[in-house]
Amino acid sequence: MNDARVPHHPVPTTVETFDDLGLSAPIRQSIREVGFEHPTPIQSAVIPPALRGQDIIALAQTGSGKTAAFVIPLAEKLQHGGGLRALIISPTREIALQTQAFIELFGKNHDLKAACLIGGVKMQGQMRAIKEQPDIVVATPGRLLDHIKRKTIRVDKVEELVLDEADHMLDLGFLPQVRQILGKIPKTRRTMMFSATMPPAIEELARTMLRDPLRIDITPVGRAAVGITHRLYVVAPENKRPALLALLHQELGSTLVFARRRVDAEWLYHILQRQGHPVARIHSDRSQGKRVQALANFREGSHRILVATDIAGRGIDVPGIEHIINFDIPENVEDYIHRAGRTARVDREGIVSTIVTWQDLMMVRQIEATLGQPIARCTVPGVEPWVERQKPPTRTRSRV
Ligand code: ADP
Ligand code: MG
């Protein structure tokens with residue numbers, strides 16, 4: 001995939017093709033251009049009933065390709081013109097922007113126009129975008145409600161509603177706003193809901209807001225150990241921090257960030273705090289009492305992010321850490337394995353993301369040798385990946 005606004009993470013796909021799913025030639029063409037060859041399991045399960053217009057609840061792990069599972073059928077059903085007919089509600093600005101990018105890519109051959117209504121951006125520009133008659137709006141709940149209340153947007157012609165990342169909507173406290181929005185949209189609409197998990201509050205929302213939905217659940221049965229996914233982000237030195245910030249917005253679960261030195265941990269903590277992240281920190285310059293407190297806040301979830309150094313991070317045993325981010329690559333392979341072991345404890349899955357510059361590639365090779373497999377090279381939107389040069393052919397030692 002070569003669009004800089006869309007992340008790239010290698011994802012397991014089916015052996016089916018998009019041709020098998022009942023899509024028209026123009027949409028299949030745009031899928032080819034994006035570079036998707038086979039649908040992922042959730043895409044092949046969701047797209048056919050979505051094309052028939054059914055209400056759907058789809059449950060699949062993070063990173064399984066849920067965005068395209070709803071964007072592709074919407075792109076198929078809608079053509080440009082006729083006003084705002086589809087609304088997608090996203091929990092964060094980054095997810096909303098990525099979804100908008102997907103709509104533009106997959107909806108290209110139907111000339112679809114999408115506006116993105118997210119917080120932290122001036123209303124003016126958004127009002128201009130609304131005047132341009134978008135077919136689809138992608139929005140975060142608060143800002144969308146603002147527009148609805150100020151009557152700067154009309155949602156009375158919406159036929160298609162998507163509630164994306166429903167469980168994160170709940171985590172972030174957006175359910176009351178989501179309910180208000182749902183109350184403003186015609187009851188005759190079709191609704192699709194996507195989530196990685198199904199807590200009772202989401203179950204309840206689905207029961208009251210969806211009509212006889214088809215339930216598609218492809219989460220692994222019995223929380224089988226799926227293990228650790230390793231990801232590598234190779235960037236220029238000045239892009240390490242933007243890469244970290246983008247990753248923190250992309251994966252919304254409980255996250256442990258490792259820095260090599262105490263000063264870096266301290267610096268990162270302040271940056272993240274200034275960005276409004278719920279973050280705690282532990283390193284050896286902090287008193288025992290403060291470290292215990294930080295760990296407790298992280299464990300109980302009042303702080304989603306914990307920044308730690310290797311030494312302070314040694315014994316961290318917090319169940320449910322979903323994401324480890326190595327802001328600095330560890331100094332040796334043992335530390336990498338140890339850091340990675342903080343996630344995927346017991347029978348859970350986890351992601352280990354490592355941000356590196358070209359100078360770290362020697363260490364990356366050592367880690368890959370220990371893991372027995374290459375680490376997938378990934379990108380995040382807005383951060384240019386560093387292009388690794390092919391390894392020069394190893395010269396055979398000349399015999400004298
Ligand atoms: P989810 O919403 O389930 O967490 P995303 O929609 O964000 O997952 O997709 C995860 C990643 O998989 C993205 O980088 C996306 O570009 C990629 N992806 C999705 N579907 C496919 C596909 N059919 N082939 C290749 N890559 C895909
Ligand atoms: Mg998603």
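The numbers here are math on the coordinates, done by the rules we state, and not lab data. Values in this document were obtained by computation on a predicted structure and should not be read as measured data. With ideal geometry, Cβ positions are generated from the backbone for all residues, glycine too; neighbour counts draw on all protein chains shown.
For the reader, a short list of remarks on this structure follows.
- Placing a label point 7 Å from the Cα of residue 207 along the Cα-to-Cβ line, the residues of segment 57-73 whose backbone N sits under 18 Å from it are 57-58.
- Using a cutoff of 8 angstrom between alpha carbon atoms and counting only pairs six or more residues apart, the relative contact order for the chain works out to 17 percent.
- All aspartates and glutamates inside 12 Å of residue 240 as judged from Cα atoms, apart from same-chain residues fewer than 8 positions distant: 328, 384
- Label point distance in nm, residue 263-residue 238, each placed 7 Å from Cα along Cα→Cβ: 2.1
- Sorting the segments 300-312, 11-23 by their mean number of nearby beta carbons within 10 angstrom, highest to lowest, gives 300-312, 11-23.
- Isotropically averaged projected area of segment 126-190, using the convex hull of Cα atoms (one quarter of hull area), nm²: 4.4
- Mean Cβ count within 10 Å, highest first, over the residues of peptides 64-72, 288-296, 104-112, 235-243: 64-72, 104-112, 235-243, 288-296
- Ordering of 120-132, 185-197 by packing [mean C-beta count within 10 Å, highest first]: 185-197, 120-132
- When each of 378, 116 is scored by the number of other beta-carbon atoms lying within 10 Å, the sequence from fewest to most is 378, 116.
- Shape metrics for segment 19-102, restricted to C-alpha atoms - Rg then Dmax, Å: 12.7, 35
- In percent, rounded to a whole number, the relative contact order of segment 228-377 is 35, using alpha-carbon pairs under 8 Å and six or more apart.
- Going by neighbour counts of Cβ atoms within 10 Å, the residues 76, 266, 165, 331 line up, fewest first, as 331, 266, 76, 165.
- Principal axes of segment 228-377: Cα extent on each, largest first, Å: 39, 36, 27
- For segment 302-345, alpha-carbon Rg relative to the globular expectation (2.2 N^0.38 Å, N residues): 1.09
- Hull volume per residue, based on the alpha-carbon atoms of segment 236-290 and their convex hull, is 94 Å³.
- For segment 18-217, the equivalent ellipsoid derived from the Cα gyration tensor has semi-axes of 24, 21, 15 Å, listed largest first.
- Cross-link pairs beyond the 22 Å C-alpha cut-off, checked among 66/184; 151/184; 108/184; 108/149; 131/157: 66/184; 108/184; 108/149
- Estimated [θ] at 222 nm from DSSP helical runs (n ≥ 4, -39500 (n - 2.57)) normalised by residues in the chain, nearest 500: -11000 deg cm²/dmol
- About the centre of its Cα atoms, the chain shows a dipole size close to 860 debye [charges on the beta carbon of Lys, Arg (+1) and Asp, Glu (-1) only; nearest 20 debye].
- Mean shadow area of the chain over all directions, Cα convex hull, nm²: 22.7
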